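Below you'll find the structure, written out as structure tokens, and then a few comments.
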Amino acid sequence: MIKKINYAYIISLPLLVNFIFNFIVDGGINKLGNVNYFNLISTFIFFSFLLTAGNIIKKTLNLSSHSISIVLYLLSFFIFEYIFSFFNQGYNFHQVVIYVNIFWLIFILLKNRKINDLFYPVFVYSFLNIFNNFYFDKFILNKNIVGDVEAIFYPHSKNIFENSFYFSVANPFMSGYPQFSSYLQSLLLKLSFNQIENFEYFSQTSNILYFLSILFFYELKISNKNKVILCSIFTILVLNSVWLGFLFIDSLMSEGIVSYTFAVIIYNLFRGKSKTSATNYLNFFLLGCLIFSKQFISTIVLLLILFFLITSTYRKYAIVSLAPFLIKEISYFIQFKNIEKDHHLRQIDLNDAILDILLFRDLAFSNIIKIINNLFLDKPISYIFLVLGIYIIWNIYQKNIIEVEKLVYVFIIFINFVFIFLLYISAWKNMELESPIRYMLNLLHMKLAFLFVLIEESNEPN
């Protein structure tokens, strides 16, 4: 009997060869001596805390994975602070972190009535802060504070951490720019360095996204072999490229947090079908919270909500997805009425852009070629996108993409590319053409996960 080929091995081989070649040429062995092992240990302890916290939340709420439990835990601070700001603007960020952690402790105690379950997360959290306080001077400080980080993300994170989310939105460094990722970066710093009062960027607060990403890939419903290959590919991508490492695990840039949270929520959205109704409502509420993330993602989320509202299976759950959208709209009507709401939409004449597209007037179609050429400058990423595209087209041809979940993934990927190309041939045709690649990378975690779901199915016997 001929054993069926696992295409994951073949797909990963060019990436592995490219990584080994670059590792040797760039003196990777010598660079290993420059690794800050205090930072690495701190990051791993931090991950251990989030994992133990996620585990107890998963058991308490009967959630589908540790990853969605961790995302729920992190977003609970953001949700609480956003709603709490309607009633009290005199609070500070540090108080919010204390209040929400106390809420989780009480909730878990009342729900589980097992105080022993709290021992591990409380112990690891305490050990993390003791370790970070003891080796404070050993860590990497304020690395990669350049470009958009220096202009937008660092000052917003500092504003939130040293004051509050309400204060930062009311006194923005860039009016209308989303502060979702900056809030989560501030939260990660507070959880791991509870003793500091002034914001500084410590690398482990973004390096943690590497471990969280590996956990997400590990929890996918694919074979263990494919899990190892997928985790290896992600590792190769972020280590093989300074640019990708900067975007996803080594700076305050938003791509890493947004891509991770989006993928975790979307994937687990369909894992709740066999769980309780309460779990489904919670998953869809978290989907709605992505409205606060980034312009492209929030637009895609709105379209997804509309899609789910017209499906009989998901309609009753999708209604709760509108709650975060309504909260945001009300907040800008009451609290932030003098603050611009959408930074990117202010940069374009939307009506004129739509007419240009519909009437095919004054469009820079050549920008599409330029964007694709810029994408091909990063060979590993363009290779992954190409392989994913081939798999999607083949599965459509074979009529294998018929489940709602697969259709949603294909729609998200397709509409994201459509939005990017339409925007940069019309309203933003004179803008620099490197940023579109970042908008494509907002979905990297989901694209990798979907690719390996398709690979897994192609390996299964007919």
Members of region 361-389 that are more than 16 Å from Met446 (Cα to Cα), without any contact (Cβ under 8 Å) to a residue 40 or more places away in the chain and assigned to a helix (DSSP H, G or I)
Ser366, Ile369, Ile372, Asn373, Phe376
Among the residues of region 59-67, is there at least one that is at pLDDT 95 or above and in a helix (DSSP H, G or I)?
yes
Would you call Ile57 open to solvent by 60 Å² or more (accessible area, probe 1.4 Å), without any contact (Cβ under 8 Å) to a residue 60 or more places away in the chain and not aromatic (Phe, Trp, Tyr)?
no
Could you count how many residues in region 376-427 are among the basic types (Lys, Arg) and under 20 Å from Leu454 (Cα atoms)?
2
Among Ile413, Ile402, the single one that is open to solvent by 10 Å² or more (accessible area, probe 1.4 Å), modelled with pLDDT of 90 or more and over 18 Å from Ile222 (Cβ atoms) is Ile413
Can you tell which of Leu50, Leu75, Leu63 is closer than 22 Å to Asn194 by Cβ, open to solvent by less than 10 Å² (accessible area, probe 1.4 Å), of a type outside the set (Phe, Trp, Tyr) and touching a Ser or Thr at 6+ places or on another chain (Cβ under 8 Å)?
Leu75
Pairs, first without any contact (Cβ under 8 Å) to a residue 24 or more places away in the chain in region 203-225, second part of a loop (DSSP other than H, G, I, E, B), C-beta under 7 Å, six or more apart:
none
Taking region 278-301 on its own, how many of its residues are open to solvent by 10 Å² or more (accessible area, probe 1.4 Å) and in contact with a Ser or Thr (Cβ under 9 Å, 6 or more places away or on another chain)?
3
Residue check, Phe103 against (1) assigned to a helix (DSSP H, G or I); (2) open to solvent by less than 60 Å² (accessible area, probe 1.4 Å), all met but one. Which one?
(2)
Looking at (1) in contact (Cβ under 8 Å) with a residue 40 or more places away in the chain; (2) more than 30 Å from Leu15 (Cβ to Cβ), which is the only condition Ile310 fails?
(1)
Considering each residue of region 180-216, count those that are open to solvent by less than 10 Å² (accessible area, probe 1.4 Å) and assigned to a loop (DSSP other than H, G, I, E, B), and give that number.
4
Please specify each residue of region 106-126 satisfying the condition of being open to solvent by 100 Å² or more (accessible area, probe 1.4 Å) and assigned to a helix (DSSP H, G or I).
Leu110, Lys111, Ile115, Asn116, Phe119, Tyr120, Phe123
Yes or no: Phe153 hydrophobic (A, V, I, L, M, F, W, C), at pLDDT below 95 and open to solvent by less than 10 Å² (accessible area, probe 1.4 Å)?
yes
Among the residues of region 281-338, write down those that are part of a helix (DSSP H, G or I), touching a Phe, Trp or Tyr at 6+ places or on another chain (Cβ under 8 Å) and charged (D, E, K, R).
Arg315, Lys328
Aliphatic (A, V, I, L, M) and surrounded by fewer than 17 Cβ atoms within 10 Å (Cβ to Cβ) - does that describe any residue in region 253-272?
no
Criterion: surrounded by fewer than 18 Cβ atoms within 10 Å (Cβ to Cβ) and under 28 Å from Thr313 (Cα atoms) - qualifying residue of Leu386, Leu407:
Leu407
Residue in region 217-227 that is least open to solvent (accessible area, probe 1.4 Å), counting only those that are part of a helix (DSSP H, G or I) and over 17 Å from Ile68 (Cβ atoms)
Asn226
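Suppose we filter Asn351, Asn338 for residues that are over 22 Å from the mean Cα position of the chain (by Cα), more than 30 Å from Tyr9 (Cβ to Cβ) and modelled with pLDDT of 75 or more; which single one remains?
Asn338
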Restricting attention to region 45-102, which residues are in contact with a helix residue (DSSP H, G or I) (Cβ under 7 Å, 6 or more places away or on another chain) and among the small types (Gly, Ala, Ser)?
Ser48, Ala53, Gly54, Ser64, Ser65, Ser67, Ser69, Ser76, Ser85
Please find, among Asn144, Asn133, Asn129, the residue that is assigned to a helix (DSSP H, G or I), of a type outside the set (Lys, Arg), in contact (Cβ under 8 Å) with a residue 24 or more places away in the chain and touching a helix residue (DSSP H, G or I) at 6+ places or on another chain (Cβ under 8 Å).
Asn129
Pairs, first closer than 21 Å to Ser42 by Cβ and touching a residue at least 60 places away in the same chain (Cβ under 8 Å) in region 176-197, second of a type in the set (A, V, I, L, M, F, W, C) and outside any helix (DSSP H, G or I), C-beta under 6 Å, six or more apart
Gln185/Leu252
Under the condition of being surrounded by fewer than 23 Cβ atoms within 10 Å (Cβ to Cβ), in contact (Cβ under 8 Å) with a residue 24 or more places away in the chain and not in a loop (DSSP other than H, G, I, E, B), which residue from region 241-252 is farthest from the chain's Cα centre (by Cα)?
Trp243
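The values are calculated or read from the model by the stated rules, or taken from the named source; none is laboratory data. All figures in this text were calculated on a predicted structure; none of them were measured in a lab. Quick reminder, even Gly has a Cβ in these numbers, built from the backbone with ideal geometry, and neighbours come from all protein chains shown. The area values use the complete protein model at the heavy-atom level, side chains included, leaving out ligands, DNA and RNA. Shrake-Rupley method; radii C 1.70, N 1.55, O 1.52, S 1.80 Å.
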